[in-house]
Amino acid sequence: MLHIPVISQMHEHKINYNYLNHPISHAWNSKRNVIYKERLKFIWKLTFSPYGIDVYKGNCSRGKKLIMLISALIQLIIILHQLLSIIYTLAFGLSILQLTFYTTLTVGTFSSVYSLWTLYRKRIAVAKLLNNTIDQWNDRAVSSKKVWKCTLVTCLGLFTMSIGETLCTLVDISSQNTEGIQIYAAVYFFGVQLAEEHPYIARMVIAVEFFIVLLVCGQFVNISVCFFIQLCHVSFFRFNRLNAKVERLLTSGRQLTSFELHEYRQQHQHACEVTKELSSLWSPLMVVWLLGFIFSLLFDLRALWKSNSTLFLIGYSIDISKQLWLLIGLYKVASIVNTEAHQLGEKLVTLSLSQPTKEFTQADQMNYYVNYLLLSQRLISTRVGITVSGLFLLNTSSFLAMTGTVLTYIIVLYQST
């Protein structure tokens, strides 16, 4: 007969009293959980509203659509201008440093436009996923507090970096002499001598475009990535809570019932479905984000190596730090989701358990064996995680591969100079 390990009924006389099981404690945790959920909701409404997006509602009002349309139109015009500037730079043989600089700006603006278009196109699915995830997140207040803190720190940190980078650039533009502003104008105005005839107008036009690219476009990419990271954290805590619950039962000495095995299998399946939907919705965006971050990081490293301006050195250093923060944040949160999703299977199949008690009838034992096999098979065979358009999983291996690419570029750049 097939031998299936089953937990024994040891230490039935012991009562493991946990103060968190007290009704008052449950009510307090529930209240605190609602508070932190509302705080998260306030953060995303505050950060996305300037771009005309409401991630909690699938429908958009006319006013929000108009705001989003104006924002997208301005960014598209800037992308077109940047592409023409790059073509002009290549055609007239201007410096590689200028080409590198404008390429970095173009990559950032394109990432912002694509993120805006994708979130609008998938707004109904995103709102449905977000509301379902938050509503079913009936965890202790400690996890919701952690997610809120992580979201708040990340948003404020990236926003501060964007402001610092923008200020360094604007101050550098305003402090340039006539010769320096002509270098900007040579690319921005395609050889038109606007800097000589109207230097203040030239400075203002260049400064406005830099402000939009570095702060408006850059900040939208930042909050989009932060929003995705928050959803991944919620998915992680869902798996974490389920794993902790099963582990407590497995180590308590109480025998699991067929109903509990069936219930855990359904909960794990639902958590996997939510994670797959999350990965499916954000996969196209993650391709653009990762490519954009890596390209920007490489271009910034070259520009940092070649730049002579102190303000530009500070600005590039801030931008490099921001790209690294976003890259590491994406890989880290995806990695912990992948690890937590498969941790329960390892715990269940490696735990040494005893034979079923004699109180089980033959039908009960058979039902138990079937549910145990189904749960074990699901936990072992399920391959769930955050993927990039099905190309690869965001985990430690892919992060090391990306790190190797960047380090190789740094070595080549150092040897070439």
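The values are calculated or read from the model by the stated rules, or taken from the named source; none is laboratory data. On a predicted model such as this, the values are computed, not experimentally measured, just so you know. Glycine gets a Cβ as well: all are built from the backbone with ideal geometry, and neighbour counts include every protein chain shown.
Remarks
- For region 24-41, the criterion of being closer than 30 Å to Thr154 by Cβ, in a helix (DSSP H, G or I), at pLDDT 85 or above and in contact with a helix residue (DSSP H, G or I) (Cβ under 6 Å, 6 or more places away or on another chain) is met by at least one residue.
- Residue match in region 362-383 (condition: over 30 Å from Thr106 (Cα atoms), modelled with pLDDT under 75 and not in a helix (DSSP H, G or I)): yes
- Some residue of region 245-257 being surrounded by fewer than 21 Cβ atoms within 10 Å (Cβ to Cβ), under 30 Å from Val55 (Cα atoms) and either within 18 Å of the chain's Cα centre (by Cα) or of a type in the set (A, V, I, L, M, F, W, C) (or both): no
- Filtering region 172-207 to residues that are small (Gly, Ala, Ser) and either assigned to a helix (DSSP H, G or I) or modelled with pLDDT of 70 or more (or both) leaves Ser174, Ser175, Gly180, Ala185, Ala186, Ala195, Ala202, Ala207.
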